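Encoded as structure tokens, the structure appears first; notes follow it.
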Amino acid sequence: MKYMTTARLKAIRLFLFAASIIFILAGWYRGEVRTVLIKATLICLECIGIG
């Protein structure tokens with residue numbers, strides 16, 4: 001089984017990093033940050049029995 005070269009691994013990591021930044025910025029632009037925080041808060045409150 002051949003292993004990937006370090007240059008190829010670096011390229012894959014850079015691509016995934018760039019893609020994640022693009023998706024984060026797209027979600028921020030669409031206002032998804034507030035939605036995610038609200039849902040996370042509700043889930044936490046339900047877990048401890050308040051919500």
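The values are calculated or read from the model by the stated rules, or taken from the named source; none is laboratory data. Since the structure is predicted, the reported quantities are computational estimates derived from the model, not experimental observations. Cβ: placed from backbone, ideal geometry, glycine included. Neighbour counts: every protein chain shown.
Determine, yes or no, whether I43 is under 22 Å from the mean Cα position of the chain (by Cα), at pLDDT below 90 and part of a helix (DSSP H, G or I).
Criteria met by I43.
Name every residue in the stretch 1-29 that is surrounded by 10 or more Cβ atoms within 10 Å (Cβ to Cβ), assigned to a helix (DSSP H, G or I) and over 14 Å from the mean Cα position of the chain (by Cα), in order of residue number.
Residues satisfying the conditions are R8, L9, K10, A11, I12, R13, L14, F15.
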